[in-house]
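The structure appears right after this line, and notes come after that.
Taken together, the values in this text are just the output of simple stated rules run on the coordinates, not laboratory data. These numbers come from a predicted model, not from an experiment. No Cβ is skipped: glycine too gets one built from the backbone with ideal geometry, and neighbour counts run over all protein chains shown.
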């Protein structure tokens, strides 16, 4: 399974449009190679370089297994978002307090059709670990201009 974006390259810089310094809109994401026995997909976007530990920017679950992309600024029909570390239930883009941070866009193929009970980030992470059958990661970087 692999994941990519039309908006930034693997290990490349994430454009300002997708950050707190501009429109803070979610980037395009696409994938292929999803295993045939996948029942749903989940997406976790986080920043392990945050001073307080890993900071969660976006959590999306219950994505239908035949979905192959998320267009810019949208979520797939029927998918569900879970509250992130900004305290909101939608995408929160890169907004590092200093330096260059890494942002991991992790797509998981799951063996269940829904992540029942995934109402907070801790539970979602636990359920993804329990039910994942494949994963793909796209990492982008961002540094704020002062």
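Model label points for residue 144 and residue 88, set 7 angstrom from Cα along the Cα-to-Cβ axis, are 1.5 nm apart. For region 122-139 versus region 1-72, the spacing of their alpha-carbon centroids is 13 Å. The orientation-averaged projected area of the convex hull spanned by the Cα atoms of region 1-127 comes to 7.4 nm².
Counted by neighbouring Cβ atoms within 10 Å, the residues 116, 135 run from fewest to most as 116, 135. Within the listed set 125, 108, 91, the residue fluctuating most in the Gaussian network model of the chain (springs between alpha-carbon atoms under 10 angstrom) is 125. Between residue 126 and residue 66, the FRET efficiency estimated from the beta carbon spacing at R0 = 30 angstrom works out to 0.70. What residues of region 107-137 lie in the reach of a label at residue 10, counting those whose backbone N is under 19 Å from a point 7 Å from the Cα along Cα→Cβ? Of the residues in region 107-137, 107-109, 134-137 have backbone N under 19 Å from the label point off residue 10.
Residue exposure proxy: 112, 89, 128, ordered by other Cβ atoms within 10 angstrom of their Cβ from fewest to most, comes out as 89, 112, 128. Under the simplified labelling scheme, the residue 116-residue 133 pair shows an inter-label distance of 1.9 nm, with each label point 7 Å from Cα along Cα→Cβ. Cβ-to-Cβ counts within 10 Å put 119, 24 in ascending order as 119, 24, the fewest first.
In percent, rounded to a whole number, the relative contact order of region 2-142 is 31, using alpha-carbon pairs under 8 Å and six or more apart. Across 16, 132, 88, mean-square fluctuation computed from a Gaussian network of the chain (C-alpha pairs under 10 Å connected) peaks at 88. The simple Förster model, with R0 at 41 Å and r as the Cβ-Cβ distance, assigns residue 52 and residue 23 a FRET efficiency of 0.95.
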